[in-house]
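I have placed the structure first, in the form of structure tokens, so that the comments after it can refer back to it.
The values are calculated or read from the model by the stated rules, or taken from the named source; none is laboratory data. Because the structure is predicted, anything quoted here is derived from the model rather than measured. Counting neighbours? That spans all protein chains shown, and the Cβs are built from the backbone with ideal geometry, glycine included. Remember, those area values only see protein heavy atoms, side chains included, never the ligands or the DNA or RNA. Shrake-Rupley method; radii C 1.70, N 1.55, O 1.52, S 1.80 Å.
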Amino acid sequence: MSLIRQKATEKGNLGRVGIVIGVPVALAFAFIAAAGWFTPDRLTPATVVRTFDSVDGPHPGFRRNHAKGVCVSGWFEGSGQASPYSSAALFRVERSPVIGRFALAGGQPYQDDAPDKVRSLALRIMPANGGEWRMGVNDIPVFLFRNARDFNSFLIASLPEATTRKPDPARIGAFLAAHPETARALSQIKQRSLSSGFANDAYNSLDTFLFVNAGGQATPVRWTMEPEQPAPAQNSVKTGRDYLFDDLTATLAEHPLRWKLMIVLGQPGDPTADPTVAWPVGRTRIDAGTLVLDKAEGEDGGPCTGITFDPLILPEGITPSDDPIPAARSAVYARSFTARSGETKAPSAINLNSTRSGK
Amino acid sequence: MSERKYFSPLARGLHWAMALMILAMLFIGVAMVASTGPAYHRLVGLHRPLGIAILALAFLRLVNRVASGAPPLPTTLPQGIRILAGSSQVALYLLMIALPLVGWAMLSAGDYPVSMTSGVTLPPIVSPDPALYASLRGLHTWLALGLFGVILAHITGALVHGLLLRDGVFQAMLWRRPQASTRIE
Ligand code: HEM
Ligand code: HEM
């Protein structure tokens, strides 16, 4: 130590002392700059998760969005018809096991079911020899936002007022005025035809991805999970705060449910980076295979709880497009997944052994 | 020449290659978890294989270090400094191996595919367990911050040797002759 002190104070060594101190200090500054400390305006996954928490209230252990849900499982059987467009193994004529989850959009795990609430399906398709595909698809025609920042700002604008405990219409109005694409998407969503339940609903990717075939040729795609069961099940429950889920689980106890995976092929000029804009009708659609779900399980202890349906877990043969939403989802889902996995969770609303009391 | 003054060429090569890789990984890591942009996906896609490469190189380096040793520190250094230098090197080796292992284990516990490049996925090293995922994810952050701290201390120590003490310790990791490399203009 004394030797270092002596050398440091030696004449002509000042510059060297500067380097000895300056290099690590500069590195430390660069590090916290990379971590975003000097750019607090940067939208981080942690910020978005905090926004969900402040809008929906803390619900430890639950997903920060699509919080109310139930696990399902079954399989996907490829038709081979998507193989000219994507080299993904699961499109071949073979069965891949599936873990999934039906949910209502929104961060409230105990919200009541209602006909016009947004319903979702999440899937994890696991072909035998690898090449897993995860997706989350919603029953609306377009997404509301062009990027995560707009979603976050909208959530903040919809924060319940302290006095009324309701969102302030003026703030939402101001957001919509500044975001005509969201206003347009909202009106399209309001006009959608509502199916009677999860089983006969169609679910859309909203986001655009690229299918890449064995020759390396890329095609922009969106897709829809189209129900094969047309009418509501005979034993529909139809009443109670969880009627959509009760109906689904009762039907699955009786017989499997099937959807067709319809791939929509984009044409040059179709918007790929903007999920608020629908593609023109009449695009070529490919029947890529059939999803069969034959089992429902509650989330607590169920197979869909210890995973997140990160839409960028893609097999070889599917890649992200220039749509910025999937990357934001990937980052935010990881954050939500980490937070909820470390928390003690209260029982989920949908528990197959009991029905919740209430109106 | 009774005393070897330099690390073995393999050790020097590994040192500088890994120094770059590990620093890059630390910066990529903190930058990606602060991003909701397309960079997130690209950086995570780089982070996983680079981290596994560091793990493989760290084992190679450990074997090489045990096999060919290190040049002794100058006897002029006080005992305390020598212990500090020795333990910081042990910490560097431990972290270099633990951090990527924790990264791999946490993705396994979170039931994420540990994909390297498109089509190449490593097998999980622990079974799926969300609570374990959450703990390991936190540990990954703290070990990374610890590693960055030890690296800063290590760099400071190296610069003290190279610029102030000029005792050949810094030069043992370089290729140029000790006398020439102590000159800075
Ligand atoms: C920037 C935009 C978005 C944000 C910030 C966001 C946020 C979230 C979060 C935090 C979760 C919970 C994840 C978990 O804990 O595992 C979630 C779930 C989900 N999201 Fe999104 N989301 C976005 C866009 C979308 C879009 C465009 C779709 C549909 C196409 C979608 C469909 C879903 C579905 C289906 C789930 C439920 C997954 C499940 O059941 O586990 N999200 N979202
Ligand atoms: C020397 C090797 C490694 C270093 C220095 C390193 C460093 C880091 C750092 C600094 C972070 C950000 C932590 C935070 O701020 O919370 C991080 C996150 C992460 N690392 Fe590593 N890491 C290494 C190896 C690995 C490996 C081998 C894997 C996986 C195979 C991995 C996967 C991840 C993941 C998935 C995240 C978090 C992504 C998220 O939560 O959004 N890391 N790493």
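Can you give the relative contact order of chain A as a percent, counting alpha carbon pairs under 8 Å and 6+ residues apart?
23
Highest first, please rank the peptides A:15-21, B:41-47, B:65-71 by the mean number of other Cβ atoms sitting within 10 Å of their residues.
B:41-47, A:15-21, B:65-71
List the residues whose amide H sits under 5 Å from the amide H of A:Asp300, counting only those 5 or more places along or on another chain, with H placed 1.01 Å from N in the peptide plane.
Answer set, sorted by chain and number: A:Ser348.
Subtracting the Cα-Cα distance from 0.36 nm times the residue separation, let me have the gained length for A:Leu3 to A:Ala114 in nm, one decimal.
Difference between extended and current length: 32.3 nm.
Taking only DSSP H segments of four or more residues, each worth -39500 (n - 2.57), what value at 222 nm results for chain A once the sum is divided by all its residues, to the nearest 500 deg cm²/dmol?
-9000 deg cm²/dmol
Taking each residue of A:314-321 in turn, how many C-beta atoms of other protein chains fall within 10 Å of its C-beta, and what is the average?
3
List the aspartates and glutamates whose Cα lies under 18 Å from the Cα of A:Lys166, skipping any in the same chain that are fewer than 8 positions away.
Excluding near neighbours in sequence, the set is A:Asp53, A:Asp56, A:Asp112.
Each residue of segment A:44-56 in order: what ³J(HN,Hα) in whole Hz does its phi give by Karplus 6.51 cos²θ - 1.76 cosθ + 1.60, θ = phi - 60°, with x for Gly and Pro?
Working through the residues one at a time gives 9, x, 5, 4, 5, 5, 5, 4, 4, 4, 6, 6, 9 Hz.
Ordered by residue, what ³J(HN,Hα) values in Hz, to whole numbers, does segment A:259-266 give under the Karplus form 6.51 cos²θ - 1.76 cosθ + 1.60, where θ = phi - 60° and Gly and Pro are x?
Result, rounded to whole Hz: 10, 9, 8, 9, 8, 9, 8, x.
Between A:Gln229 and A:Ser79, what FRET efficiency follows from the Cβ-Cβ distance if R0 is 22 Å, with the result rounded to 0.05?
0.75
Would you work out the relative contact order for chain B, in percent, from Cα pairs under 8 angstrom that are 6 or more residues apart?
23
Evaluate peptide B:27-35: per residue, the Cβ atoms of other protein chains within 10 Å of its Cβ; return the mean as an integer.
Per residue, the average neighbour count from other chains is 6.
Got a sec to turn the phi values of segment B:115-127 into Karplus ³J(HN,Hα) couplings, 6.51 cos²θ - 1.76 cosθ + 1.60 with θ = phi - 60°, whole Hz, x for Gly and Pro?
Calculated HN-Hα couplings, in order: 8, 9, 10, 3, x, 10, 10, 7, x, x, 10, 9, 7 Hz.
In whole angstrom, and with the biggest value first, how far do the Cα coordinates of chain B range along each principal axis?
Each principal axis gives a Cα extent; for chain B these are 55, 35, 31 Å.
Listed highest first by mean packing, meaning other Cβ atoms within 10 Å per residue, what order do B:12-24, A:296-308 come in?
Order by mean packing, descending: A:296-308, B:12-24.
Taking chain A as a Gaussian network, where each spring joins two C-alpha atoms under 10 Å apart, which residue of A:Lys190, A:Lys11, A:Lys166 fluctuates the most?
Among A:Lys190, A:Lys11, A:Lys166, the largest mean-square fluctuation in the Gaussian network model of chain A belongs to A:Lys11.
Mind giving me the FRET efficiency for A:Asp168 and B:Val66? R0 is 56 Å, r the Cβ-Cβ distance, nearest 0.05 is fine.
Result of the calculation: an efficiency of 0.25.
Counting heavy atoms of the protein chains only and a 1.4 Å probe, report the per residue accessible area for segment B:84-148 as a whole number of Å².
Using a 1.4 Å probe on heavy atoms only, each residue of segment B:84-148 averages 46 Å².
Under a point spin-label approximation (7 Å from Cα along Cα-to-Cβ), what is the A:Arg50-A:Thr344 distance to one decimal in nm?
In this crude label model, A:Arg50 to A:Thr344 measures out at 2.6 nm.
What is the percent carbon and sulfur in the accessible area of the protein assembly as shown, measuring with a 1.4 Å probe over the protein chains and ignoring ligands?
63
How about A:Lys260: which lysines have a C-alpha closer than 19 Å to its C-alpha, ignoring those fewer than 8 places off in the same chain?
Result set, ordered by chain and number: A:Lys295.
Mind checking how much accessible area A and B bury in total, 1.4 Å probe, in Å² rounded to 100?
Answer for the A-B pair: about 3700 Å² buried.
Among A:337-347, A:280-290, how do they line up from the highest to the lowest mean number of other beta-carbon atoms within 10 Å?
Listed from highest to lowest mean packing, they are A:337-347, A:280-290.
For a Förster distance of 30 Å, can you work out the FRET efficiency between the beta-carbons of B:Leu145 and B:Thr75, rounded to the nearest 0.05?
Efficiency computed from Cβ-Cβ geometry: 0.30.
Mind listing the long-range amide H neighbours of A:Glu343? Cut-off is under 5 Å, sequence gap 5 or more, other chains count too, H placed in the peptide plane at 1.01 Å from N.
Residues meeting the amide H criterion: A:Gly61.
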